[in-house]
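A quick write-up on the structure given underneath.
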Amino acid sequence: MKKKIIILGICLVLAAGTVAAVASGAYNNQNIDIKSALSKVFSSEKSEKSLVQKDSVQTDSISLNDDQNKSVISTDLSDKAIALYPSNFYSMVEILKSNISDTESIADILASYLYLRDIYGLNNEQLEYIAGLITNGADPNSILDIAYFWADTCEDITIIEQIYNKKGDYEGGRFWIENAYNNITKNVHGVLESEEINNYLSLGVTVSDIQNANILSRKGVYSIKQILDRIAGGDTMINIINEVYGTSISQPVNLFGISENEKSDESILNSKELAALENKQIEESASEILSDEKTAERLVEKRNEKNAELVKQLINEGILEGRIDKDLGVVFDE
């Protein structure tokens with residue numbers, strides 16, 4: 001039997017990684033994305049980040065220890081320990097195994113799915129809904145990409161299926177999920193024309209401000225234009241984040257107006273995820289992100305560690321076929 005070796009913590013990538021670019025999304029009903037619009041202002045586009053996982057803030061329901069959001073069901077998998085999974089989890093696993101021959105790909109899908117539970121705090125009903133879509137034949141990677149996008153919105157979870165059903169109309173575009181979302185919601189959270197983007201930039205609003213405002217606007221508290229008008233008027237992104245997410249992140253103190261971490265505003269929305277991964281308060285993780293550029297590296301490391309933990313769990317419980325080698329990592333049976 002062929003063996004496939006996976007080095008845990010290095011090769012594992014969440015399916016949500018493909019959503020990273022979506023976070024900066026299309027900003028108008030003509031589907032002009034931020035980087036295309038900015039290319040008219042700058043001589044060269046800002047390079048894409050190399051991301052391992054979705055680069056956006058987490059949902060309001062983040063929880064690491066919410067036992068009431070999990071269902072306990074007994075499994076008969078070679079007498080493995082009882083596992084905590086939604087009731088239709090095993091049906092989803094069987095569907096994946098019947099349609100995908102590569103165990104590594106299945107592991108990536110299941111780790112990404114369980115990451116939604118452990119780090120994004122999705123409850124059992126929400127997880128069952130997502131598993132049900134996959135069990136009924138929807139492409140698992142597309143569904144998970146949409147699920148990570150949905151987690152940043154104020155919409156009912158059923159919009160995941162609505163966006164998926166628009167896939168044929170929008171797939172192929174760089175930000176097809178957001179374009180479909182805007183179509184379904186009729187641009188309720190606001191859109192920007194390229195001229196408006198240029199105008200905000202001329203007022204001192206940064207690219208990161210626009211990207212963050214785009215994500216924050218999906219929570220339905222302020223539209224993207226309301227957020228950017230406040231930033232252009234002298235307000236801070238941290239104040240707006242606190243209002244939208246109900247947090248109490250402190251504004252960093254800068255010496256002579258110079259920030260020690262110039263990239264802090266760009267990654268501040270990652271504070272919820274980092275907090276969940278490290279079992280900290282959001283405010284503590286935000287403070288670290290604002291003061292230390294190295295937290296970006298730590299976040300990637302923690303994401304990979306969590307993925308490794310989830311895959312080991314799946315193997316130990318007999319859900320995935322393979323073994324764990326202390327030197328090689330995971331060896332999958334193919």
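The values are calculated or read from the model by the stated rules, or taken from the named source; none is laboratory data. Note that the coordinates shown come from a computational prediction; the quantities given were computed from them, not determined experimentally. Heads up, the Cβs are rebuilt from the backbone with ideal geometry, glycines too, and the neighbour counts pull from every protein chain shown. What goes into the accessible areas is simple: the full protein's heavy atoms, side chains included, and nothing from ligands, DNA or RNA. Shrake-Rupley method; radii C 1.70, N 1.55, O 1.52, S 1.80 Å.
A Cβ distance below 6 Å, combined with a sequence gap of six or more or placement on separate chains, defines the contacts here; from region 278-301, residues that are closer than 19 Å to Ile119 by Cα reach residues that are exposed (fewer than 15 other Cβ atoms within 10 Å of the Cβ) and of a type outside the set (A, V, I, L, M) in the pairs Glu283/Ser248. Summed over region 216-226, the residues that are part of a helix (DSSP H, G or I) and either touching a Phe, Trp or Tyr at 6+ places or on another chain (Cβ under 7 Å) or buried (at least 22 other Cβ atoms within 10 Å of the Cβ) (or both) give a count of 3. When each of Glu104, Glu128, Glu94 is tested for being of a type outside the set (A, V, I, L, M), over 15 Å from the mean Cα position of the chain (by Cα) and within 19 Å of Arg303 (Cβ to Cβ), the lone residue that passes is Glu104.
Taking first residues from region 86-112 that are under 19 Å from Lys306 (Cα atoms) and partners that are among the aromatic types (Phe, Trp, Tyr), the Cβ contacts under 8 Å between residues at least 6 apart in sequence or on separate chains come to Thr103/Phe332; Glu104/Phe332; Ala107/Phe332.
For region 273-289, the set of residues classified as open to solvent by 10 Å² or more (accessible area, probe 1.4 Å) and part of a helix (DSSP H, G or I) consists of Leu277, Glu278, Ile282, Glu283, Glu284, Ser287, Glu288, listed by residue number.
Residues that are free of Cβ contacts under 8 Å to residues at least 60 places away in the same chain and either part of a loop (DSSP other than H, G, I, E, B) or touching a helix residue (DSSP H, G or I) at 6+ places or on another chain (Cβ under 6 Å) (or both) within region 165-175 comprise Lys166, Tyr170, Gly172, listed in sequence order.
Selection of region 303-327 for residues being open to solvent by 60 Å² or more (accessible area, probe 1.4 Å) and either over 12 Å from Tyr115 (Cβ atoms) or without any contact (Cβ under 8 Å) to a residue 60 or more places away in the chain (or both) yields Glu309, Lys312, Asn316, Glu321, Arg323, Ile324, Lys326, Asp327.
Consider region 176-215 and keep the residues that are of a type in the set (Gly, Ala, Ser) and in contact (Cβ under 8 Å) with a residue 12 or more places away in the chain. The one that is surrounded by the fewest Cβ atoms within 10 Å (Cβ to Cβ) is Gly204.
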